[in-house]
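Input: a single structure, listed below in structure tokens.
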Amino acid sequence: MEGIYFYWLSWLIWIIYTFFMRKDRFRLFVCSHLLLLIILSAHEMTIGPFQFSFAYLFLLAVAYRFVMKRRGRAFIYFAFASAIVTITYVSFHLLALFDPVWIFMNETWMLACMLVCVTFALYRPFFSRLLLLTVGCCQGEFLYSFILRQFSFHNLIGSLFFFDGWMLSLSFLFAWRFFEQLPTYVDSLFQRRMKEMKT
């Protein structure tokens, strides 16, 4: 069922950040944008020959807003890195369409694993990985739909299938960040307990 990963994981991340994370700007950003994506995912619009979901357009606009803040070498590197993720996304979908025999497991999981591996290879900071994954997926989705149109296939840009793959990949990044920060959290908790015992 299309959308199951997107809706379940969106609500899971929203609950975790709303009730368990410290109150800061990033927490507010994640929670508000996830709710907007869920609301907008049910609506579509047509621009020229293409049909877009409102959630896709919103996601792309937010992502490009952060991309435009990068300057100089950082912008050039990000452009090349996002092109690599875009090509990975499109290549996977084209191979799955024209030669599906090599899909040996769930397509969404295979795509998410590939995208996360490429993202990890290109960036180390969590936010940069998050932005790269989002921009690469959005650009890849549009390019894939553009290619399909040359063969007279019609595809909704930003369908629930797209959001399933993007959200599953995003969840892997959030899970990795959680495990990276877990030792620090446990250490601070241990230090606090030691101070309480001494007093």
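The values are calculated or read from the model by the stated rules, or taken from the named source; none is laboratory data. What you see is a predicted model, and the numbers here were worked out from it, not measured in a lab. Cβ: placed from backbone, ideal geometry, glycine included. Neighbour counts: every protein chain shown. All accessible areas refer to the heavy atoms of the entire protein, side chains included, with ligands and DNA or RNA removed. Shrake-Rupley method; radii C 1.70, N 1.55, O 1.52, S 1.80 Å.
Brief remarks on what is shown
- Prolate/oblate/rounded label for the chain (Cα gyration tensor, a/c 1.5): prolate
- Here the dipole of the range 1-115 is about 920 debye; that uses its Cα centre as origin and unit charges on the Cβ of Lys and Arg (positive) and Asp and Glu (negative).
- Tensor-based shape of the range 114-157 (alpha-carbon gyration tensor, a/c under 1.5 rounded, otherwise prolate or oblate): prolate
- Here r is the Cβ-Cβ distance between residue 2 and residue 71 and R0 is 30 Å; the resulting FRET efficiency, rounded to 0.05, is 0.20.
- Sites residue 152 and residue 98, calculated FRET efficiency, Cβ-Cβ separation with R0 22 Å, nearest 0.05: 0.90
- For the chain, built as a Gaussian network whose Cα springs stay under 10 Å, the top-fluctuating residue of 180, 107, 141: 180
- For the chain, the solvent-accessible area with a 1.4 angstrom probe is 61 square angstrom per residue.
- Extension reserve of the residue 18-residue 35 stretch, reckoned as 0.36 nm per residue once the Cα distance is removed: 5.0 nm
- Heavy-atom accessible surface of the range 52-116: percent carbon and sulfur, 1.4 Å: 75 percent
- Rounded, prolate or oblate (a/c below 1.5 giving rounded, otherwise prolate when a/b exceeds b/c) for the range 89-199 by Cα gyration tensor: prolate
- Alpha-carbon centroid distance for the pair the range 107-144 / the range 21-73, whole angstrom: 15 Å
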